[in-house]
1. Which whole number of Å³ per residue matches the convex hull of the alpha-carbon atoms in segment 69-129?
2. Quick check: residue separation of Phe11 and Ala105 times 0.36 nm, minus the Cα distance between them. What number comes out in nm?
3. List the aspartates and glutamates whose Cα lies under 13 Å from the Cα of Lys107, skipping any in the same chain that are fewer than 8 positions away.
4. To make sure I understand, if each residue's beta carbon is the centre and we count other beta carbons within 10 Å, what order do Asp122, Asp41 fall in, fewest to most?
5. When only alpha-carbon atoms count, how far does the chain stretch along each of its three principal axes, as whole angstroms with the largest first?
6. So if each residue of separation counts as 0.36 nm, and I subtract the Cα-Cα distance between Val113 and Leu38, what length gain in nm does that give?
7. What's the Kirkwood radius of segment 48-97 in Å, using all Cα pairs?
Amino acid sequence: MTRHRFLPRLFRFLRRQDGGPTVETVLWFPLIMAVFMLTFDGAMILHGRETILDVIQRANRERSVGRITTNADLKTYVEAQLKKLGITATASPYQAAGVIRVTVAVKSGQLGVIGMYTAMTDFNIQVTAEQMIENWEV
């Protein structure tokens, strides 16, 4: 394309006014993405909490029916199951009056995916579940 045909096209392009919505979209896009990432991280933290709860409930059931015999084994089992999921946590089993209770403490930063917001990654989450021991005698 020769220079004399290119310059009029360039000036015509620069004078056009129909790109207004594109500018607004470009200005709002970072805010929309920030809200999306915040929502996504929050949802993943809640999903991780429910995953931990599921592990605890399965472990309590195993202890309740006698497949896991001691609280030390229960602690090891819960922590190993969470380790398989990529979660490093501390399990605290407690047993009294025919009830087994396990509490797991974990940093929220392990459960989020994006981790862009430090307020979402700097708090501790505690998940607790308890179950009655089957065939428990007084």
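1. Details: hull volume 4.4 nm³, N = 61.
Taking only Cα atoms, segment 69-129 has a hull volume of 73 Å³ per residue.
2. Working it through step by step, the gained length comes to 27.5 nm.
3. Partners found: Asp122.
4. Fewest-to-most ranking of Asp122, Asp41: Asp122, Asp41.
5. Rounded to whole Å, the extents work out to 98, 25, 23 Å.
6. Extending this stretch completely gives an extra 26.0 nm.
7. 11.0 Å
Any read-out appearing in this document is the output of simple, stated calculations on the displayed coordinates, not a laboratory observation. Everything quoted here is computed from the prediction, not taken from an experiment. Neighbour counts are summed over all protein chains in view; Cβ atoms, including those assigned to glycine, are modelled from backbone coordinates with ideal geometry.
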